[in-house]
Amino acid sequence: GERRVFDLRVAPLQRPEGAREALGVFFDITRLERLERVRQEFLSNVSHELRTPLTSILAFVETLEEGAIDDPLNNRRFLGVIRKNAERMRNLIDDILELSAIESGNVRVEISTVNLRSIVQEVFAALARQAALRDIELRNEVSEQAMVRADARRLEQMLTNLVDNAIKFNRDGGRVTVRHERCADHDRIMVEDTGEGIAPEHLSRIFERFYRVDRARSREQGGTGLGLAIVKHLARAHGGEASASSIPGQGSTFIIELPIGSEARNAERDDSRA
Ligand code: ADP
(Lines give C-alpha, C1' and ligand atoms only; values in the text may rest on other atoms or scores of the structure.)
Protein backbone atom coordinates (compact mmCIF):
# COMPACT_ATOMS: atom_id res chain seq x y z
CA GLY A 1 0.00 0.00 0.00
CA GLU A 2 2.37 2.77 -0.97
CA ARG A 3 0.95 5.97 -2.46
CA ARG A 4 1.97 6.09 -6.12
CA VAL A 5 2.85 9.35 -7.83
CA PHE A 6 2.09 10.04 -11.50
CA ASP A 7 3.07 12.73 -13.94
CA LEU A 8 0.62 13.32 -16.81
CA ARG A 9 1.90 14.48 -20.22
CA VAL A 10 -0.59 15.44 -22.93
CA ALA A 11 0.11 15.87 -26.65
CA PRO A 12 -2.50 17.00 -29.27
CA LEU A 13 -2.96 14.58 -32.17
CA GLN A 14 -3.32 15.71 -35.80
CA ARG A 15 -6.39 14.11 -37.37
CA PRO A 16 -7.30 14.69 -41.07
CA GLU A 17 -11.07 14.77 -40.40
CA GLY A 18 -10.58 17.67 -38.05
CA ALA A 19 -11.51 15.65 -35.00
CA ARG A 20 -9.83 16.93 -31.89
CA GLU A 21 -7.92 14.27 -30.08
CA ALA A 22 -5.11 14.21 -27.64
CA LEU A 23 -2.86 11.54 -26.28
CA GLY A 24 -2.19 11.51 -22.57
CA VAL A 25 0.46 9.38 -20.95
CA PHE A 26 0.83 8.80 -17.26
CA PHE A 27 4.41 8.44 -16.08
CA ASP A 28 4.89 6.60 -12.86
CA ILE A 29 7.37 8.75 -10.94
CA THR A 30 6.84 7.01 -7.61
CA ARG A 31 10.39 5.74 -7.64
CA LEU A 32 11.83 9.16 -8.44
CA GLU A 33 9.82 10.75 -5.65
CA ARG A 34 11.00 8.09 -3.24
CA LEU A 35 14.61 8.58 -4.30
CA GLU A 36 14.28 12.27 -3.63
CA ARG A 37 12.74 11.66 -0.21
CA VAL A 38 15.44 9.15 0.74
CA ARG A 39 18.10 11.62 -0.35
CA GLN A 40 16.56 14.43 1.71
CA GLU A 41 16.31 12.23 4.79
CA PHE A 42 19.88 11.11 4.39
CA LEU A 43 21.15 14.68 4.09
CA SER A 44 19.28 15.80 7.15
CA ASN A 45 20.51 12.77 9.12
CA VAL A 46 24.10 13.35 8.07
CA SER A 47 23.94 17.03 9.00
CA HIS A 48 22.54 16.18 12.40
CA GLU A 49 25.08 13.42 13.03
CA LEU A 50 27.96 15.74 12.16
CA ARG A 51 26.59 18.70 14.05
CA THR A 52 26.35 16.88 17.39
CA PRO A 53 30.08 16.14 17.83
CA LEU A 54 31.00 19.48 16.29
CA THR A 55 28.87 21.34 18.85
CA SER A 56 30.64 19.48 21.62
CA ILE A 57 34.07 20.25 20.15
CA LEU A 58 33.30 23.97 19.94
CA ALA A 59 31.95 24.07 23.50
CA PHE A 60 35.09 22.45 24.92
CA VAL A 61 37.41 24.66 22.85
CA GLU A 62 35.59 27.72 24.23
CA THR A 63 35.88 26.43 27.77
CA LEU A 64 39.62 25.97 27.27
CA GLU A 65 39.96 29.45 25.78
CA GLU A 66 38.09 30.96 28.70
CA GLY A 67 40.71 29.74 31.14
CA ALA A 68 40.39 25.98 31.54
CA ILE A 69 43.60 25.59 29.56
CA ASP A 70 45.50 26.60 32.71
CA ASP A 71 43.56 24.16 34.86
CA PRO A 72 45.88 21.15 35.19
CA LEU A 73 43.03 18.95 36.46
CA ASN A 74 40.78 19.45 33.47
CA ASN A 75 42.69 20.60 30.42
CA ARG A 76 43.84 17.10 29.39
CA ARG A 77 40.40 15.69 29.97
CA PHE A 78 38.80 18.36 27.78
CA LEU A 79 41.33 17.70 25.02
CA GLY A 80 40.41 14.02 25.26
CA VAL A 81 36.74 14.84 24.74
CA ILE A 82 37.62 17.00 21.75
CA ARG A 83 39.69 14.21 20.24
CA LYS A 84 36.95 11.62 20.77
CA ASN A 85 34.37 13.79 19.03
CA ALA A 86 36.74 14.59 16.17
CA GLU A 87 37.38 10.86 15.71
CA ARG A 88 33.66 10.23 15.64
CA MET A 89 33.28 12.79 12.87
CA ARG A 90 36.09 11.21 10.89
CA ASN A 91 34.59 7.71 11.24
CA LEU A 92 31.23 9.02 10.13
CA ILE A 93 32.66 10.75 7.07
CA ASP A 94 34.64 7.60 6.16
CA ASP A 95 31.48 5.49 6.43
CA ILE A 96 29.44 7.96 4.37
CA LEU A 97 32.05 7.99 1.62
CA GLU A 98 32.24 4.20 1.71
CA LEU A 99 28.48 3.76 1.50
CA SER A 100 28.16 6.27 -1.30
CA ALA A 101 30.93 4.58 -3.30
CA ILE A 102 29.23 1.18 -2.95
CA GLU A 103 25.81 2.55 -3.82
CA SER A 104 26.94 4.47 -6.87
CA GLY A 105 28.44 1.26 -8.21
CA ASN A 106 31.98 2.60 -7.94
CA VAL A 107 33.05 -0.34 -5.87
CA ARG A 108 34.02 -3.35 -7.90
CA VAL A 109 33.95 -6.61 -6.06
CA GLU A 110 36.75 -8.87 -7.23
CA ILE A 111 35.42 -12.33 -6.61
CA SER A 112 37.79 -15.19 -6.00
CA THR A 113 37.70 -18.38 -3.98
CA VAL A 114 38.76 -17.55 -0.43
CA ASN A 115 39.37 -19.53 2.72
CA LEU A 116 36.69 -18.39 5.16
CA ARG A 117 38.31 -19.68 8.33
CA SER A 118 41.48 -17.67 7.83
CA ILE A 119 39.51 -14.50 7.10
CA VAL A 120 37.53 -14.97 10.32
CA GLN A 121 40.85 -15.52 12.10
CA GLU A 122 42.12 -12.15 10.86
CA VAL A 123 38.93 -10.38 11.88
CA PHE A 124 39.16 -11.92 15.36
CA ALA A 125 42.82 -10.93 15.69
CA ALA A 126 41.99 -7.30 14.92
CA LEU A 127 39.21 -7.25 17.53
CA ALA A 128 40.79 -9.50 20.16
CA ARG A 129 41.78 -6.70 22.50
CA GLN A 130 38.34 -5.15 22.44
CA ALA A 131 36.78 -8.54 23.22
CA ALA A 132 39.28 -9.35 25.98
CA LEU A 133 38.52 -6.07 27.76
CA ARG A 134 35.01 -7.37 28.41
CA ASP A 135 35.97 -11.00 28.76
CA ILE A 136 34.12 -11.98 25.57
CA GLU A 137 35.14 -15.23 23.92
CA LEU A 138 35.61 -15.24 20.13
CA ARG A 139 34.92 -18.66 18.65
CA ASN A 140 35.74 -19.58 15.06
CA GLU A 141 33.72 -22.66 14.16
CA VAL A 142 34.37 -22.46 10.44
CA SER A 143 36.08 -25.57 9.14
CA GLU A 144 39.55 -25.32 7.61
CA GLN A 145 38.16 -26.53 4.28
CA ALA A 146 35.40 -23.94 3.95
CA MET A 147 35.92 -21.97 0.71
CA VAL A 148 33.55 -19.19 -0.38
CA ARG A 149 33.29 -17.00 -3.48
CA ALA A 150 33.92 -13.42 -2.38
CA ASP A 151 36.07 -10.34 -2.56
CA ALA A 152 38.40 -11.15 0.35
CA ARG A 153 38.84 -7.56 1.51
CA ARG A 154 35.12 -6.83 1.31
CA LEU A 155 34.21 -10.03 3.11
CA GLU A 156 36.65 -9.11 5.85
CA GLN A 157 35.04 -5.67 6.06
CA MET A 158 31.53 -7.16 6.40
CA LEU A 159 32.64 -9.62 9.07
CA THR A 160 34.54 -6.90 10.94
CA ASN A 161 31.37 -4.82 11.15
CA LEU A 162 29.30 -7.78 12.33
CA VAL A 163 31.80 -9.09 14.87
CA ASP A 164 32.43 -5.57 16.14
CA ASN A 165 28.68 -5.21 16.77
CA ALA A 166 28.48 -8.69 18.29
CA ILE A 167 31.12 -7.59 20.82
CA LYS A 168 29.68 -4.12 21.44
CA PHE A 169 26.16 -5.34 22.03
CA ASN A 170 27.17 -8.44 24.01
CA ARG A 171 27.15 -8.93 27.75
CA ASP A 172 30.41 -9.04 29.68
CA GLY A 173 31.71 -12.60 29.67
CA GLY A 174 29.63 -13.39 26.57
CA ARG A 175 30.58 -15.19 23.37
CA VAL A 176 30.71 -14.50 19.65
CA THR A 177 30.59 -17.49 17.32
CA VAL A 178 31.12 -17.53 13.57
CA ARG A 179 29.80 -20.52 11.62
CA HIS A 180 29.49 -21.51 8.00
CA GLU A 181 26.96 -23.67 6.15
CA ARG A 182 27.03 -24.70 2.51
CA CYS A 183 23.47 -24.56 1.11
CA ALA A 184 22.13 -25.59 -2.30
CA ASP A 185 23.07 -22.44 -4.18
CA HIS A 186 24.74 -20.24 -1.61
CA ASP A 187 27.14 -20.13 1.31
CA ARG A 188 25.71 -18.96 4.61
CA ILE A 189 27.99 -17.23 7.10
CA MET A 190 26.57 -16.65 10.57
CA VAL A 191 27.78 -14.33 13.32
CA GLU A 192 26.06 -15.25 16.55
CA ASP A 193 26.23 -13.38 19.86
CA THR A 194 24.98 -13.80 23.42
CA GLY A 195 23.86 -10.19 23.82
CA GLU A 196 20.50 -8.71 24.79
CA GLY A 197 19.03 -9.40 21.36
CA ILE A 198 16.85 -7.18 19.21
CA ALA A 199 13.06 -6.78 19.51
CA PRO A 200 11.07 -7.65 16.35
CA GLU A 201 9.97 -4.06 15.71
CA HIS A 202 13.62 -2.98 15.51
CA LEU A 203 14.92 -6.08 13.73
CA SER A 204 13.25 -5.14 10.46
CA ARG A 205 14.89 -1.71 10.47
CA ILE A 206 18.45 -2.06 11.75
CA PHE A 207 19.92 -2.35 8.25
CA GLU A 208 18.62 1.14 7.43
CA ARG A 209 21.14 3.94 7.54
CA PHE A 210 21.37 5.64 10.93
CA TYR A 211 18.76 3.39 12.50
CA ARG A 212 19.77 2.42 16.02
CA VAL A 213 17.83 0.79 18.81
CA ASP A 214 19.55 3.01 21.37
CA ARG A 215 21.01 6.12 19.79
CA ALA A 216 22.88 7.35 22.86
CA ARG A 217 24.46 3.96 23.49
CA SER A 218 25.53 3.51 19.88
CA ARG A 219 27.19 6.95 19.88
CA GLU A 220 28.80 6.30 23.24
CA GLN A 221 30.46 3.23 21.73
CA GLY A 222 31.68 5.14 18.73
CA GLY A 223 29.11 3.73 16.32
CA THR A 224 28.15 5.66 13.21
CA GLY A 225 24.83 3.92 12.59
CA LEU A 226 26.02 2.99 9.09
CA GLY A 227 27.80 -0.32 9.74
CA LEU A 228 24.90 -2.61 8.89
CA ALA A 229 23.85 -0.55 5.87
CA ILE A 230 27.39 -1.04 4.54
CA VAL A 231 27.20 -4.79 5.23
CA LYS A 232 23.90 -5.08 3.37
CA HIS A 233 25.12 -3.16 0.34
CA LEU A 234 28.36 -5.12 0.18
CA ALA A 235 26.47 -8.41 0.41
CA ARG A 236 24.26 -7.28 -2.49
CA ALA A 237 27.29 -6.20 -4.47
CA HIS A 238 28.30 -9.87 -4.23
CA GLY A 239 24.87 -10.88 -5.53
CA GLY A 240 24.01 -12.02 -2.01
CA GLU A 241 22.06 -10.73 0.96
CA ALA A 242 22.45 -9.86 4.63
CA SER A 243 19.83 -10.47 7.30
CA ALA A 244 19.39 -10.94 11.03
CA SER A 245 17.36 -12.96 13.48
CA SER A 246 17.19 -12.64 17.22
CA ILE A 247 15.76 -14.03 20.40
CA PRO A 248 15.42 -11.07 22.78
CA GLY A 249 17.23 -11.79 26.01
CA GLN A 250 19.38 -14.49 24.42
CA GLY A 251 21.22 -13.01 21.49
CA SER A 252 21.23 -12.28 17.79
CA THR A 253 22.46 -13.99 14.65
CA PHE A 254 23.57 -11.98 11.62
CA ILE A 255 23.69 -13.84 8.34
CA ILE A 256 25.55 -13.15 5.12
CA GLU A 257 24.52 -15.24 2.13
CA LEU A 258 26.84 -15.40 -0.84
CA PRO A 259 25.91 -17.14 -4.07
CA ILE A 260 28.06 -20.04 -5.10
CA GLY A 261 29.86 -19.39 -8.33
CA SER A 262 28.36 -15.99 -9.09
CA GLU A 263 30.19 -13.47 -11.19
CA ALA A 264 31.40 -10.17 -9.84
CA ARG A 265 29.03 -7.35 -10.45
CA ASN A 266 28.66 -3.78 -9.38
CA ALA A 267 26.59 -2.77 -6.40
CA GLU A 268 23.00 -2.47 -7.51
CA ARG A 269 21.20 0.79 -7.00
CA ASP A 270 18.50 -0.09 -4.58
CA ASP A 271 17.19 2.75 -2.47
CA SER A 272 13.95 1.07 -1.51
CA ARG A 273 15.19 -0.73 1.55
CA ALA A 274 18.41 0.23 3.26
P1 ADP B 1 26.15 1.21 15.03
O2 ADP B 1 26.64 -0.09 15.55
O3 ADP B 1 27.23 2.12 14.61
O4 ADP B 1 25.13 1.88 15.90
P5 ADP B 1 25.07 -0.42 12.90
O6 ADP B 1 24.48 -0.07 11.57
O7 ADP B 1 26.26 -1.32 12.91
O8 ADP B 1 25.37 0.94 13.64
O9 ADP B 1 23.95 -1.09 13.79
C10 ADP B 1 22.68 -0.44 13.90
C11 ADP B 1 21.98 -0.80 15.20
O12 ADP B 1 21.60 -2.18 15.19
C13 ADP B 1 22.85 -0.66 16.45
O14 ADP B 1 22.87 0.67 16.93
C15 ADP B 1 22.14 -1.59 17.42
O16 ADP B 1 21.01 -0.96 17.98
C17 ADP B 1 21.64 -2.71 16.51
N18 ADP B 1 22.57 -3.87 16.51
C19 ADP B 1 23.53 -4.15 15.58
N20 ADP B 1 24.16 -5.29 15.87
C21 ADP B 1 23.60 -5.76 17.02
C22 ADP B 1 23.81 -6.93 17.83
N23 ADP B 1 24.74 -7.84 17.52
N24 ADP B 1 23.03 -7.07 18.94
C25 ADP B 1 22.10 -6.16 19.25
N26 ADP B 1 21.84 -5.05 18.53
C27 ADP B 1 22.58 -4.86 17.42
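The values are calculated or read from the model by the stated rules, or taken from the named source; none is laboratory data. Predicted model, so just to flag it, every value in this text is computed and none were measured. As a convention, Cβ positions derive from the backbone with ideal geometry for all residues, glycine included, and neighbour counts pool all protein chains shown. Surface accessibility is based on the protein's heavy atoms, side chains included, excluding ligands, DNA and RNA. Shrake-Rupley method; radii C 1.70, N 1.55, O 1.52, S 1.80 Å.
Evaluated against (1) open to solvent by 50 Å² or more (accessible area, probe 1.4 Å); (2) free of Cβ contacts under 8 Å to residues at least 24 places away in the same chain, residue 87 falls short on exactly one condition, (2). Any idea how many residues of segment 245-269 are buried (at least 18 other Cβ atoms within 10 Å of the Cβ), at pLDDT 90 or above and assigned to a loop (DSSP other than H, G, I, E, B)? Selection size over segment 245-269: 0.
Scan segment 3-37 for residues that are open to solvent by 60 Å² or more (accessible area, probe 1.4 Å) and in contact with a Ser or Thr (Cβ under 7 Å, 6 or more places away or on another chain) and jot them down. The answer is 4, and nothing else. Look at residue 198 and say whether it is near the ligand (Cβ under 9 Å from one of its atoms), open to solvent by 20 Å² or more (accessible area, probe 1.4 Å), more than 19 Å from residue 131 (Cβ to Cβ) and modelled with pLDDT of 95 or more. Yes; evaluated as a whole, the condition is true for this residue. Only one entry in 229, 216, 242 is small (Gly, Ala, Ser), more than 8 Å from the ligand (Cβ to nearest atom) and in a helix (DSSP H, G or I), namely 216. When segment 201-213 is filtered for residues that are more than 8 Å from the ligand (Cβ to nearest atom) and in a helix (DSSP H, G or I), the ones remaining, listed by number, are 201, 203. Is segment 58-65 home to any residue that is small (Gly, Ala, Ser) and out of contact with any Leu (no Cβ under 8 Å at 6 or more places or on another chain)? Within segment 58-65, one or more residues are small (Gly, Ala, Ser) and out of contact with any Leu (no Cβ under 8 Å at 6 or more places or on another chain).
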